[in-house]
Each structure stands twice: as C-alpha cells, then as structure tokens.
Amino acid sequence: MKLFGAGILLALPSLVGGQSARNASGGREPLDAYLSCSYGAGLSVVSALRMQGEGLRSRTVATAQGEKKISVVDGYRLMLSQGEPSYFANMKIEKSDPRQYASDKDAAIKNLEYAMQTAAPGIKPMWDHMPYNGFDVYAVTDTTMGVNGPNGMYLLFRDSAQVIVTIYFLGQKPEYRHFSTIEEHDAIVDKMLEDLTTCANAPPPPATAGNFPPVRTPDDFDKFVNKYYQQPRPERVAGAMVNLTSSGVLQIPEAAGVIMGFFSEVFLTNPSRLPEWQLVIDKQPGFAKSVLDSALSWSKAGGVVRLTGQSVQMSYLYWGAFFASGNPAYVKKLVELASFATEQNDLTLWTMGSQAKFSLARNSREHAVLRSILEEEKRTADKPTRDLIDQILNRDPRRMQREMLAFRQKQIRSGKWE
C-alpha cells in the first residue's frame, strides 16, 4: 500500500509511527541488538515502538509496599505474534540509569512478587528464578489452559548493561493459539528466551547510513516513513530533507501535510540534532524550506499535538506525526475527527470524518500497534466512540470505502451537496 495515493476523498497514508533514535554519534546503540533478533517457533516482531524523546525519565510500578519508580533512559516496546490475531508476547526493553539500576531491579522484582500475590481467584501462579545465558531471570507463570490462558510475566536483568527486559506472555483464545498443550506453549517460550538472549550476546553487525538506499523518489519516502518506527535512523533525516524538492514528493497534494507532521515530530524528539538540521533546512529551496520551517516551528511549540482545527489537512498532519512518534495522542485526535463521518449536512465535515475513519480502518489491518492503541482507547471511551472504534476495527475497509463513496453520490444527486 502506498503512502501517497490519489482518491476522491480517500487519498490516505498507510503508515505507523515510531520513536526517534537517541545516539547522535551514529554508533551502535545499546538496545539495537534486541531489535535484530530472529525468532523461531513462528514468532515475528509485528511492531516496535521507541520511547519518545530523550533524557532520563521514569515509570511507576505497584508493589506491596506501595508505588515505586524505575528509571528509564531509553526503551522499546515490541509486540511478537505468530500471525494476527495470535499475539503471543508484549515486551519492554529498557535501559536504566546506571546510578539507579540496583533500586530499579529491586522495584521490578517486588512488582513481580506483587503480581503473584494479587492473582485472581482460581489462578495458581508459579514462581521461578534462575541465571540464563548471561541474564538474571525471574518469572511468574499461570499454566492454566483456560479460556484465555496460559500467560505469564518474565523479567530478564542484564546487570552488566543495566538493561531490564519485561515480557508479558499473553493469554489467547483457543482458536487463536498455535499450540495445543502447555508443553507446546512452554517450548515456544523457551525458544523465544533462547533466541532473545543469544541475540543480545552476539548481535548481527550494526547497520550504518551507508547500508540504506538514498531517499530520492516518492516511493523512497514511502519506504523511509513506513519503516521508520521499526528502527529509527535519524542519520538519514538530513538526506531526506535535501531530496524533498528533487524527489517530487511535495508535488503530491496530500504529501505536504504528512511530511510536515512527520518532520515536526522527528525534530521534537531529537532536540540535540536541531543545530545540524537547521543548517540543512536553511539551504532548501522554496516550498521545501517552507514545509520544513513549519515543521520546525511546530516542534518548538510542543508538536502537532498542540495544533487546533478540524480539517482533512489536520488528519494528514496527525498521521505524519504519529508515523514519527507512535504517540497514542495522535490516534485519539484521528478518532475525534472520524466522529464527523456521521455528518450529513456539511460536506466538508463529512469528508474530513470519512477520511479519518477509513484511514484508521485500513491502517489498523496492517499495523498491530495501531490496533492495540485503538483497543485501549475503546476501553475508556463513551458509547458513541466505542461504537465508532468497533466499526473501525471490525468492518471491511473496502466495503467502508464503497459505502462512503455511494453516500456522497446520493447526497449530490439529492441536491444536498454540490
């Protein structure tokens, strides 16, 4: 599916976002090894999101002694699947502040203990602790082969690198499983742990900017943005900016909004690179410089998420920013726009809503992380929004598109719209 396509109202992007890389020097990053793993047992990484922004921050975990904080310098969230909708594991890979690693490890273990102590009635979780392939591993598992079992939570500590890997093995409905017995399930878990730890110990050679083709055509931009979330490469950003004009991508009407939103979020999440990129922006001609200037201005004001307004153009900006950041706030914004798809008295509002609704539906079929964000949003939404997200997640996008176009023609024939 192409990023920049033409259509009467459905000229839509097909991407999902990720976080920007942190290492300004371009050297190998400490967490890269975990993204390069090739898993057996039919597992594959279907989404990889990097923590947004730079610098030290923390997350909170529950323990029997109350909430405790775990420092996070950098991190990824990965989703592993054996084929949609068979999501097998949700994994966090986080780099601690070396000064706080000991207390972080203690808090994570106490959180695991608390999860075991507060297990639901009828569940008999099992505790395990062992050294494994250079990691200190703790686990709580539920071996129940019930409706949504088995599941478990693993903690892998790499003390030498101050890295904490948290794995949630997800319960699945019987019809989604690729295993029939607990022994088969455990064999998949064991294979995944072996592959993960082996890969961390002996990662493949790092990729460099020279390993990637230049971003020179609209198709190149499509691939660059579409794959950015899987392994962000900010060292390629300058080259992409240089080729904005010659590539012809900005001659595609809907592309400018996507490009502006994308670069704005890349700029926002890589502040240490802005002096370098400002020199590149200043040398760009005409429209390309205007696009990049706008993106830079928005990034300095907090990003596209702070913009206001309701239009199809806002939808493109939100998608572009989401592709670069993976920020669920942009999905929420798109859902808000999609609510106008029921508007029957205003062609502009209906077009905006229909475009947002269809783009969410189509992209959620291809990108598990987007579907996960929509499912999470649905849990806390009001009934009209829950119904809207149900349609986005469950209706055939091609049928949705046909119905939208048919409705538009009906309104025109009736004289309500021009």
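Using per-residue counts of other Cβ atoms within 10 Å, averaged over each peptide, order 377-387, 75-85, 281-291 from highest down.
Highest-to-lowest ranking by the protection proxy: 75-85, 281-291, 377-387.
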Note on segment 259-343: contact order normalised by length, alpha-carbon pairs under 8 Å, 6 or more apart, percent, works out to 42 percent
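Please report, in debye to the nearest 20, how large the charge dipole of the chain is about its Cα centre when each Lys and Arg carries +1 at its beta carbon and each Asp and Glu carries -1 there. Working shown, then result.
On the way: 47 positive and 44 negative charges, 231 e Å.
It comes to approximately 1120 debye.
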Over all directions, the chain yields a Cα convex hull whose mean projected area in nm² is 22.0 nm²
Heads up, segment 284-413 by the C-alpha gyration tensor (a ≥ b ≥ c square roots of eigenvalues; a/c under 1.5 rounded, else a/b over b/c prolate, else oblate) looks oblate
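If I compute solvent accessible area with a 1.4 Å probe over the protein chains, what percent of it on segment 77-119 is carbon and sulfur? Show your work: numbers first, answer last.
Working: 880 of 1800 Å².
Exposed carbon and sulfur together represent 49 percent of the surface.
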Among ALA119, ALA139, ALA256, the residue with the largest mean-square fluctuation in a Gaussian network model of the chain built from Cα contacts under 10 Å is ALA119
For the chain the mean separation of alpha carbon contacts under 8 Å (6+ apart) over residue count, i.e. relative contact order in percent, is 18 percent
Note to self, the chain gives a 222 nm [θ] from helices alone (DSSP H runs n ≥ 4, -39500 (n - 2.57) apiece, / all residues, nearest 500) of -14000 deg cm²/dmol
With every protein chain kept in place and a 1.4 Å probe, the chain has an accessible area per residue in Å² of 45 Å²
Rounded to the nearest 10 degrees, the helix 383-394 long axis (Cα) sits at an angle to the longest Cα principal axis of the chain of 90 degrees
Most packed first (mean Cβ within 10 Å per residue), the peptides 109-118, 260-269 order as 260-269, 109-118
Between the Cα axis of helix 368-380 and the main Cα principal axis of the chain, the angle (0 to 90°, nearest 10) is 90 degrees
So the compactness index of segment 223-339, its C-alpha Rg divided by 2.2 N^0.38 Å, takes the value 0.99
For the chain, longest principal axis from Cα atoms; helix 328-338 axis from its Cα atoms; angle between them, nearest 10 degrees, is 40 degrees
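The values are calculated or read from the model by the stated rules, or taken from the named source; none is laboratory data. Please read all numbers here as calculations on a predicted model, not as lab measurements. Here Cβ is always computed from backbone atoms with ideal geometry, including for glycine, and neighbour counts include all displayed protein chains. With ligands, DNA and RNA removed, areas are computed over all heavy atoms of the protein, side chains included. Shrake-Rupley method; radii C 1.70, N 1.55, O 1.52, S 1.80 Å.
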